[in-house]
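Below is one structure, written out as structure tokens, with a few remarks after it.
The values are calculated or read from the model by the stated rules, or taken from the named source; none is laboratory data. Computed from a predicted model, the values in this text were never measured in an experiment. So basically every Cβ, Gly included, is an ideal-geometry build from the backbone, and we count neighbours across all protein chains shown. Calculation scope for accessible area: heavy atoms of the full protein, side chains included, ligands and nucleic acids excluded. Shrake-Rupley method; radii C 1.70, N 1.55, O 1.52, S 1.80 Å.
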Amino acid sequence: MKKWFAVIGDPIHHSKSPEMHHFWYDDLQEDAAYVPIHVTPDTLEQAVTSMKVLGISGWNVTIPHKEAIIPFLDELDEQAKHMGAVNTVVRQADGTLKGYNTDGLGFVRSLEEAVGTNEKNRALLLIGAGGAARGIAFALVASGYTNITIANRTVEKAQAIIQELGVGQACSLVEAGEQLAQYGILVQTTSAGLNDAFSMPFSLDHLAAHAIVADIVYNPLMTPFLEAAQQKGATIVTGVGMFVHQGAIAYEHWLQKTPNTNAMIARITQQLGGN
Ligand code: ATR
């Protein structure tokens, strides 16, 4: 029987996940379909029940349901439990639903694809302390990055993540900007660059030479933060890699095959006007 998958969110029309998974189904000759479904918060429980009844094999979860879906699942993997958020659901052989979070590991794979695995000891500044930063922080620590500082407008939120991680330190955005020269890797996870009013968490005047600067936003491909870092000579990691790798890890959970991430990253980068 043909397998089917979905992505649920509100809004959902912008999602590139259906195109990405169909590209991989064609490439790996998988008889499957992947549909975007617009689910509002008040219909989330009904949507989960309906998808189960209709024989879905698994689905992705995007904003605003990543936390709200948890009560409707039977089991969570360790990373999703730590993060308190799920972006991938697997319908297991016995029909139960297991939640995973592939966002954080997707980021780490993207970073390491760009810069290799020898940078784990460099001082890493994670900017932001929202849901995305939390996922990335746990995945970084699980992957051996321990020299971590989290900077956030609301410092208490950064402190709370550090306390749960058990390593690293927290600081304000102002302090991070002033001390920037000491960091070898910057990871931008706030909504800076997504609206005109807030484009930069702080100035990059003190950016270290040879720094690696990553943003998790992939549309626009070059956020104002990445543009500024590139002008300073930094190595840039756009958000496309994280998006593709989180999808690839979900694919692995669902279909036990590894899809072609390089081709997909090149395709989306080109669509967004990059090269
Ligand atoms: P996500 O799930 O994408 O991480 P989120 O949980 O809403 O989204 O987190 C948004 C992040 O962007 C937070 O770190 C937030 O800082 P606060 O915790 O202080 O709210 C940060 N952010 C959003 N708007 C900001 C602004 N104008 N200036 C500085 N930081 C901002």
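Its residues counted as N, region 57-144 yields a C-alpha radius of gyration over 2.2 N^0.38 Å of 1.18. Be a star and scan region 236-273 for residues whose amide nitrogen sits under 16 Å from the point 7 Å along the Cα-to-Cβ vector of D26. Counting only backbone N, you get 260-271. Surface composition of the chain: carbon and sulfur make up 49 percent of the accessible area, probe 1.4 Å. Relative to its Kirkwood radius, the Cα radius of gyration of the chain gives an Rg/Rh of 0.97. For R122 and S172, what is the calculated FRET efficiency with R₀ set at 22 Å and r taken between the beta-carbons, to the nearest 0.05? The formula returns an efficiency of 0.55 here.
Please tell me which of these pairs span more than 32 angstrom C-alpha to C-alpha: K120/K257; K66/K120; K2/K120; K81/K120; K16/K157? Over 32 Å apart, Cα to Cα: K2/K120. Full extension of the chain between Q231 and T96 yields a length gain of 43.6 nm, computed as 0.36 nm times the residue separation minus the alpha carbon distance. Per residue, the accessible area of region 104-238 comes to 43 Å² when a 1.4 Å probe rolls over the protein heavy atoms. Across G95, G241, G131, mean-square fluctuation computed from a Gaussian network of the chain (C-alpha pairs under 10 Å connected) peaks at G95.
Among V244, V217, V174, the largest mean-square fluctuation in a Gaussian network model of the chain (Cα springs under 10 Å) belongs to V174. Taking every pair of alpha-carbon atoms in region 104-238, give the share separated by more than 25 Å as a whole percent. Taking all Cα-Cα pairs of region 104-238, the fraction more than 25 Å apart is 14 percent.
For region 1-109, the set of trypsin sites (Lys or Arg not before Pro) satisfying both a DSSP loop assignment and a count of at most 10 other C-beta atoms within 10 Å is given as K2. Got a sec? Which residues in region 123-150 would a label at Q182 touch, if it sits 7 Å along Cα→Cβ and we count backbone N under 12 Å? Flagged as within label range: 123-125, 148-150.
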